[in-house]
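S.K.: Here's a structure for you.
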Amino acid sequence: MTAQLTPGFANPPIEAAHAFRQVLEAMAHPGRIMGLAGIAAPAPCSAAAACVLLTLVDGTTPLHLAGAHDCAPVRDWVRFHLGAPLVGPQEAAFALGTWDALGPLAIYPQGSAEYPDRSATLIVECVALQASGARLTGPGIKDAAWLNLPDPAALRTNAALFPRGVDIMFTSGAQIAALPRSTQIGDA
Amino acid sequence: MTAYNFAYLDEATKRMLRRAILKAVAIPGYQVPFSSREMPMPYGWGTGGVQLTAACLVPEDTLKVIDQGADDTTNAVSIRKFFARVAQVATTEATGAASIIQTRHRIPEAPLQEGQILVFQVPIPEPLRFLEPRETETRTMHALEDYGLMQVRLYEDIARHGEIARAYAYPVRVEGRYIMDPSPIPKFDNPKLDNCPALQLFGAGRECRIYALPPYTRVESLDFEDYPFTPSKAAGQCCALCGAMDSYLDEVITDDAGGRMFVCSDTDYCATRVAVQAEDAA
Amino acid sequence: MYVAVKGGERAIDNAHAWLEDARRGDRAVPDLEIAQIREQLALAVDRVMAEGSLYDPDLAALALKQARGDVIEAVFLIRAYRTTLPRFGSSLPVDTGAMQITRRISATYKDAPGGQVLGPTFDYTHRLLDFDLENGQPVPPAPEADAQAGPVPHILSHLGREGLIQAEPAGSEDVPDLTRAPLEFPAQRALRLQALTRGDEGFLLSLAYSTQRGYGRNHAFVGELRIGHVRVAAYLPELGFEIEFAEIQITECESVNQFQGSKTEPAQFTRGYGLVFGQSERKAISMALVDRALRARELGEDMADAPAQDEEFVLSHCDNIQSSGFLEHIKLPHYVDFQAELELIRKLRCAAAQGLEAAQ
């Protein structure tokens, strides 16, 4: 364990509850940018991504760390705070990394027709989240929403798998926006 | 009660519930299996709803609990007290003032708003269960989107009764994909499910299922072109207390001679209207 | 004017106060101590532990006291308490062959290494009310024999050496946990056994009985029934070794069942398995019979459609906390649903009457 291990939630029941409500609001309103702060995350992990991990991931949820996020400080932090088994993308319940590092969406569990819920949730670290870019419609969205998506075509393919497919949380600094598989992705 | 964690459940259990809720939101109308826990109230008395509420609550929430539309029925009182004790949250009877509303068998009359969460207690989450008792079979039907059995059953109703003989727990289709049981709400409430600004979560504790309707989700009650769905309630009656024509009414027997009257099932809606009328009269 | 019924909260408080009062009963009678329940109503305590899935005789005794002797209510209290307990890890499989035996019988062999030990059983008592118990006569200690020398091997292992009974190879390392993951069908045997061991004794007894009467007949004998204490250990990865942390009393039953053989298997005996907390032999035997019945399909037996052979039917209905909760919930108000039905019936009757008039 490294000496610089940063703390998790100071008051887990309350902070996890607050964080979950923000994540839930984000997932229930695809494209809506929500605040998610309060955690000193190990670099290069954003505060928002660290909050999501502390809120949802534990010893029962295999986690894949991709690219630069697969480093000793993050691994130590995961081992200490979450106890999640670190796995490859094929077995991951959650995955963390930049869009490029995470690789093609198809390598993650997509769920089955009988159990579409058994699919991965990807936490995609972004430079910035903006309410502009691709036009989003579908459940959770009144009329339309906009979000700067890294690769609309790949995400459109994911949405076409519905009810199978992965769900995505975009994080940047202390912000989060979500893109469940149910969202229809239009043009920019 | 300091011996118990905030909102009663331990953190590992809440994480499990929260993961299931997010998947449910991502797949509207699909029933996500979750490992329901024994709660301090019996199965069948709202344990699914209680677990959902416990997983969602923050200390700043204002909680409303209704049963049959009323805040004052025994089970609603019991669940409201439970959360006031284990989560120290504020409680209310006013639909508009609540951030989370846990309900059994009704959707409030007052329109819900964005940011609110409506938590339904669900006894039998599987809409196909009464057509096919086996989970292995119904799971395949949902997977293949094979809902022929349901169509046949509804059409048999029409052939026999001239209409679909279902008064509550009337099945709906979510975003054109999953057929969903809306819990035993009267079909009068079905239109409120559609395009609702609030997040709607459904919890079935004994049956270990969570499902959800995100805000602004398309929800259609099953029907046929020549037999369109009609929400219904006591015909031609209005509430004897507040005079409402637009609310769902409970029938109350008033004497031994068969006398009866109708009153709003939503006690907050009724009381608010009575208060406004009293103010106007003053 | 009609006023909507109010006062639910006060009514509940008053009902609870009444319950407390009724629980205590006549104050001239001494209050029951937890230790009295634990020591003198031990079989009720055992059943609460078994179906509550929590091994703690004192808590089970407390639950029985709080539940006024209602066993299912006591099980419910234990289950709800169990929910709030943190989980530190899983124990290693217990070795029932190393059991310190208090009772061990076989219906298939007159004698076997280790012998038959009757133990504290009701089996050969005459069921005559013993009025001496009314006045609390002193009870002399029972005679004692020498302690058992070493491990007592399972009787069915003798059949196994001849290849006459189907071997039960060790299962996969990854044993599912019914209390942590929702039941999924088809369920593997380890999961079925978990559900049965905490299932309702009455329900399993009736199902087992139904197999004896021909609904999924599988010709069971009690190969061995043993009751006694075993040690429970866990492996602690951070320490790198295992520690024993408890000694518990359990009841184990292995049934021997006829099997005619199938297209792929020669005729041989098969077994059903029951393992239950405490001294609960009726439950353990029932569990073994139902376990064996549930194997009908995997063994390729014909006519595998009796209730006890139907996995979804058995597992979905054997938990008495689920079933009693759902059964009793119909006491809750259903005004809204009933009102909806009422309107529907009126409408259908009205339409039928009009149709009749039109026809006339």
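S.K.: Could you please find all residues in region A:47-67 being surrounded by fewer than 23 Cβ atoms within 10 Å (Cβ to Cβ) and assigned to a loop (DSSP other than H, G, I, E, B)?
M.R.: A:58, A:59, A:60, A:61, A:62, A:66
S.K.: For region B:9-35, enumerate the residues that are of a type in the set (Ser, Thr, Tyr) and facing another protein chain (nearest Cβ under 7 Å).
M.R.: Hits for region B:9-35 are B:30, B:35.
S.K.: In addition: In the set B:129, B:134, B:85, which member is over 15 Å from the mean Cα position of the chain (by Cα) and facing another protein chain (nearest Cβ under 10 Å)?
M.R.: On inspection, the qualifying residue turns out to be B:134.
S.K.: Would you mind listing the helices (runs of 4 or more DSSP H) fully within region B:1-102 where at least 1 residues are among the polar types (S, T, N, Q) and under 26 Å from residue C:13 (Cα atoms)?
M.R.: Those helices (runs of 4 or more DSSP H) span B:47-56, B:74-86.
S.K.: Let me ask another. Quick check on my filter: what residues within region B:36-69 are within 10 Å of chain C (Cβ to nearest Cβ) and either under 13 Å from the mean Cα position of the chain (by Cα) or among the aromatic types (Phe, Trp, Tyr) (or both)?
M.R.: Answer for region B:36-69, where residues must be within 10 Å of chain C (Cβ to nearest Cβ) and either under 13 Å from the mean Cα position of the chain (by Cα) or among the aromatic types (Phe, Trp, Tyr) (or both): B:43, B:45, B:46, B:67, B:68, B:69.
S.K.: Going by what's in this entry, would residue C:10 be described as within 12 Å of chain B (Cβ to nearest Cβ), crowded, with 18+ Cβ neighbours inside 10 Å and in a helix (DSSP H, G or I)?
M.R.: no
S.K.: Between a first residue in region B:163-187 that is within 12 Å of chain C (Cβ to nearest Cβ) and a second residue that is in a strand (DSSP E or B) and surrounded by fewer than 24 Cβ atoms within 10 Å (Cβ to Cβ), which pairs have beta carbons less than 7 Å apart while being 6 or more apart in sequence or on different chains?
M.R.: Pairs found: B:163/B:227; B:164/B:227; B:170/B:221; B:184/B:168; B:185/B:168; B:186/B:168; B:187/B:168; B:187/B:221.
S.K.: Moving on. Only residues in region C:138-164 that are closer than 21 Å to residue C:40 by Cβ and outside the structural domain of residue C:227 (by TED's automatic domain parsing) count as the first member; pair them with residues that are hydrophobic (A, V, I, L, M, F, W, C) and assigned to a helix (DSSP H, G or I), Cβ under 9 angstrom, at least 6 apart or cross-chain, and list the lot.
M.R.: That search, which allows pairs on different chains as well, returns nothing.
S.K.: Only one of these is basic (Lys, Arg), outside any helix (DSSP H, G or I) and assigned by TED's automatic domain parsing to the domain that holds residue C:281: C:104, C:87. Name it. If you could, list the steps in order and put the result at the bottom.
M.R.: Numbers: C:87 fails: assigned by TED's automatic domain parsing to the domain that holds residue C:281.
That would be C:104, the only listed residue that is basic (Lys, Arg), outside any helix (DSSP H, G or I) and assigned by TED's automatic domain parsing to the domain that holds residue C:281.
S.K.: Separate question: For region C:160-170, indicate whether the set of residues that are surrounded by fewer than 13 Cβ atoms within 10 Å (Cβ to Cβ), of a type in the set (Lys, Arg) and away from chain B (no Cβ under 14 Å) is non-empty.
M.R.: Taking every residue of region C:160-170 in turn, at least one turns out to be surrounded by fewer than 13 Cβ atoms within 10 Å (Cβ to Cβ), of a type in the set (Lys, Arg) and away from chain B (no Cβ under 14 Å).
S.K.: Can you name the number of the only condition in (1) assigned to a loop (DSSP other than H, G, I, E, B); (2) closer than 24 Å to residue B:116 by Cα; (3) more than 14 Å from chain A (Cβ to nearest Cβ) that residue B:216 fails?
M.R.: Condition not satisfied by residue B:216: (3).
S.K.: Which residues, counting only those in region B:39-85, are over 22 Å from residue B:112 (Cα atoms) and of a type in the set (A, V, I, L, M)?
M.R.: The answer is B:39, B:41, B:84.
Residues are listed down the side, and each one gets a yes or a no for (1) loosely packed, with under 14 Cβ neighbours inside 10 Å; (2) within 24 Å of residue B:209 (Cα to Cα); (3) under 23 Å from the mean Cα position of the chain (by Cα); (4) of a type in the set (Val, Ile, Thr):
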position: C:123; (1), (2), (3), (4): yes, no, yes, no
position: C:156; (1), (2), (3), (4): no, no, no, no
position: C:195; (1), (2), (3), (4): no, yes, yes, no
position: C:198; (1), (2), (3), (4): no, yes, yes, no
position: C:230; (1), (2), (3), (4): no, no, yes, yes
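S.K.: Now for a different question. Hey, among the residues in region C:13-53 that are of a type in the set (D, E, K, R) and in contact (Cβ under 8 Å) with a residue 60 or more places away in the chain, which one's surrounded by the most Cβ atoms within 10 Å (Cβ to Cβ)?
M.R.: So the residue we want is C:51.
S.K.: If residue B:229 meets every condition in (1) more than 26 Å from residue B:97 (Cα to Cα); (2) within 13 Å of chain C (Cβ to nearest Cβ); (3) assigned to a loop (DSSP other than H, G, I, E, B) apart from one, which number is that one?
M.R.: (2)
S.K.: Further question: Among the residues of region A:8-35, which ones are closer than 30 Å to residue B:196 by Cα, more than 9 Å from chain B (Cβ to nearest Cβ) and not in a helix (DSSP H, G or I)?
M.R.: Across region A:8-35, the qualifying residues are A:31, A:32, A:33, A:34, A:35.
S.K.: With respect to residue C:276, is the statement that it is at pLDDT below 95 and β-branched (Val, Ile, Thr) true?
M.R.: no
S.K.: Okay, next question. Output the qualifying pairs, or none if there are none: Cβ atoms under 7 angstrom, residues six or more apart or on different chains, first residue in region A:64-90 and closer than 11 Å to residue A:5 by Cα, second residue in a helix (DSSP H, G or I).
M.R.: A:81/A:54
S.K.: Of the residues that make up region B:234-254, is at least one in a loop (DSSP other than H, G, I, E, B), surrounded by fewer than 24 Cβ atoms within 10 Å (Cβ to Cβ) and of a type in the set (Phe, Trp, Tyr)?
M.R.: No, the conditions are met nowhere in region B:234-254.
S.K.: So which of A:133, A:173 ends up being touching a residue at least 12 places away in the same chain (Cβ under 8 Å), small (Gly, Ala, Ser) and over 16 Å from residue A:34 (Cβ atoms)?
M.R.: Unique residue meeting the criteria: A:133.
S.K.: Right, another one. Which ones in region B:188-213 are within 11 Å of chain C (Cβ to nearest Cβ) and of a type in the set (Phe, Trp, Tyr)?
M.R.: Once the filter is applied, which keeps residues that are within 11 Å of chain C (Cβ to nearest Cβ) and of a type in the set (Phe, Trp, Tyr), region B:188-213 yields only B:188.
S.K.: Just to be sure, is residue C:80 under 22 Å from the mean Cα position of the chain (by Cα) and of a type in the set (Gly, Ala, Ser)?
M.R.: On the way: under 22 Å from the mean Cα position of the chain (by Cα): yes; of a type in the set (Gly, Ala, Ser): yes.
Yes: the conditions hold for residue C:80.
S.K.: Within region A:36-58, count every residue that is away from chain B (no Cβ under 14 Å) and either small (Gly, Ala, Ser) or out of contact with any helix residue (DSSP H, G or I) (no Cβ under 7 Å at 6 or more places or on another chain) (or both).
M.R.: 9
The values are calculated or read from the model by the stated rules, or taken from the named source; none is laboratory data. Please read all numbers here as calculations on a predicted model, not as lab measurements. So basically every Cβ, Gly included, is an ideal-geometry build from the backbone, and we count neighbours across all protein chains shown.
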